[in-house]
Amino acid sequence: MDPRAARGAAGDAEVTRSGDRSAGNLADAFAAQAARRPDAIAVVDGDRTVSYGALDAATWRAAAHLARAGVRRGDVVALTFDREFDSLVATLALVRMGATLVALPAGDPPGLRARTAASTGAQVLVTDRPDADAAGLPTVAFDLAPPAPAPQPDDATLRDPAPAAPWLLIVGSGSTGRPKLIALDHAVSHARTAMQRAAFGISPADRVVCLSPIDFAITRQRYLETLTDGATVVLFDRRRDDLRAVCARHAVTVVHGSVVHMERLLQRAPADGPPVLGALRVLRIGGSTVSDALRAQVMRRLCPNLYVAYSMNEFGIATCVGPGQMHRTPGSVGRPVAGIEVRITDGDGRPLPAGETGLIGVRGPGLVEGYVDDDTATARAFRAGWFVPGDLGLLTEDGELLHRGRADHMMILDGINIHPAEIEEVMGRHPAVADAAAVPMRSRMHQDIPVCAVALHAGQAASEAELLAHARDALGPRMPRRIVVVGQIPRSDQGKLQRAALTATLARALGVPMVARDTPTVAHDVRPDSP
């Protein structure tokens, strides 16, 4: 094997087949499952079960309702929902219609909702909340009665057989100070479903739980993949229901979660005894770095069938390591999934040999074409068919990828990517702020907790509470969790931020210890709670 790159077992032929951009509507695969197995359980929603036939009928009715309200193929539709089942049906209906959806979570502050609506070009808000902030959009009320089997409507024009528009817009943090938009088209998502199936073997026998709510783009994708493969989506009330009880009651086989989910489960799990989720076939962790110590704890106390995936919004899953290989190579995130290529290069894009650390590059059918209306960010990360996410890593001689952290200053809080530039740009808009710089405080549980230092204009005053409110309204979950007013941001003569000096200043101000001279502090008492 070429020591400079690793390739999934299926090779180039699989890339070509899966990467066919002529693939049809993403909802057709779900409809095919409903036609073949109408009585099979598609969704478990609390105390009720919904068959594939009933879910398909509800999707047709929802599409007809949205069409009567004026929604058309190609429209960008914002979603704000309380009821996750209704949000899932609305998603399926919009996908079937060839529209594009974007999440506007109910908990996001008004400023962030308006900013998201404007940046995505949303034309209408569909919601089940009568009191939802409209974000400046016309509103369509969504009230779905309990689904019952019904014949497919005669109006076949509700379905777009070959959608040109993406089905989902993902709003991420941007290194240029403005959000990055990632557009998922139907063909890319078909390919990603095949990659997930190859990695985890999802089949109609599986019952799948996602620990993050449907407002997260990754959860919406997992639900569609589950229904495409004929498996069962298990919804539950994350505020009240105990995951262990849900898994036992509904014979759950697959759970998707993040590092913070695992840490919280471990806090409640007994120190001794059998693994509390031992009946799972797959417990998958993604979204941020998973330490070897956490892997060992999860496999001993939660579930021995642990899978750690290296994935990203721009690409989907790239590599995966399972329980049989978890302890063989410390720090490994596994080998490429079938059809995926991984390489390591230096800063100039030259491939490096096995064992040398450099920039990770991935290539395969799940890759989007670039960022929406952001040529600068696209040129930086998308290079001649390869995606370079800014992560450092190395390939072993036998093709395993070892993740070595970030090459840039991006932070990851509970799986959410946060660029310092976005925080700094928002804080710079406050009339009292002359300069701002954001850095991470390290956390074992949450990985990076963003903290921002600000210097104020002469004669100006602003409290931390006022500055945090300003940040929260513009950034929501990507806001800094603490803001410290300093006399001056330490910078070189060329204006470059002196991160070590700033980190030491923040550590003293917050009363937390330094790990090393030029390493962010461990944030013992910096609360990471969502705003």
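Would you indicate which of [x] 1.00; [y] 0.93; [z] 0.96 is the value of Rg/Rh (Cα atoms, Kirkwood Rh) derived from the coordinates of this structure?
Label [z] holds the value from this structure.
For segment 413-496, just the Cα atoms, rotate onto the principal axes and tell me the three extents in Å, largest first.
39, 30, 17
Mind checking the angle between helix 110-120 and the chain's longest principal axis? C-alpha axes, 0 to 90 degrees, to the nearest 10.
Value to nearest ten degrees: 70.
For every helix of n ≥ 4 consecutive DSSP H residues, a contribution of -39,500 (n - 2.57) applies; sum these over the chain, divide by its total residues, and give [θ] at 222 nm rounded to the nearest 500 deg cm²/dmol.
Calculated at 222 nm, the ellipticity per residue is -9000 deg cm²/dmol.
Please name which of SER175, ILE449, GLY487 has its Cα lying farthest along the dipole of the chain towards the positive end, using unit charges on Cβ (Lys, Arg +1; Asp, Glu -1) and the Cα centre as origin.
In the chain, that residue is ILE449.
Quick check: at a probe of 1.4 Å, how many percent of the accessible area of segment 248-322 sits on carbon and sulfur atoms?
Carbon and sulfur together cover 54 percent of it.
Using the Karplus curve 6.51 cos²θ - 1.76 cosθ + 1.60 with θ = phi - 60°, work out ³J(HN,Hα) for each residue of segment 387-402 in order, rounded to whole Hz, and write x for Gly and Pro.
These are the phi-based 3J(HN,Hα) values: 9, 10, x, x, 9, 9, x, 9, 9, 6, 4, 9, x, 7, 9, 10 Hz.
How about segment 292-370: which trypsin sites (Lys or Arg not before Pro) there lie in a loop by DSSP and see at most 14 other Cβ atoms within 10 Å?
Within segment 292-370, the qualifying trypsin sites (Lys or Arg not before Pro) (loop, at most 14 other Cβ atoms within 10 Å) are ARG328.
Can you find, among THR228, VAL282, ALA269, the residue farthest towards the positive end of the dipole of segment 137-286? Put +1 on the C-beta of Lys and Arg, -1 on that of Asp and Glu.
Positive-end residue among those listed: ALA269.
Tilt of helix 217-228 relative to the longest C-alpha principal axis of the chain, in degrees (0 to 90, nearest 10)?
30 degrees
At 1.4 Å probe radius, can you tell me the per residue accessible area of the chain in Å²? If you can, show how the numbers build up before the last one.
Numbers: 21460 Å² over 531 residues.
About 40 Å² of surface per residue is accessible.
Placing +1 on the Cβ of each Lys and Arg and -1 on the Cβ of each Asp and Glu in the chain, which of PHE30, ALA251, ALA194 has its Cα farthest towards the positive end of the resulting dipole?
Value: ALA251.
If I fit a long axis through the Cα atoms of helix 27-36 and take the longest principal axis of the Cα atoms of the chain, what angle between them do I get, 0 to 90°, rounded to 10?
40 degrees
The values are calculated or read from the model by the stated rules, or taken from the named source; none is laboratory data. Fair warning: this is a prediction, and the values are worked out from it, not measured in the lab. Neighbour counts run over all protein chains shown; Cβ positions are idealised from the backbone, glycine included. Surface areas here come from the heavy atoms of the whole protein model, side chains and all, with no ligands, DNA or RNA. Shrake-Rupley method; radii C 1.70, N 1.55, O 1.52, S 1.80 Å.
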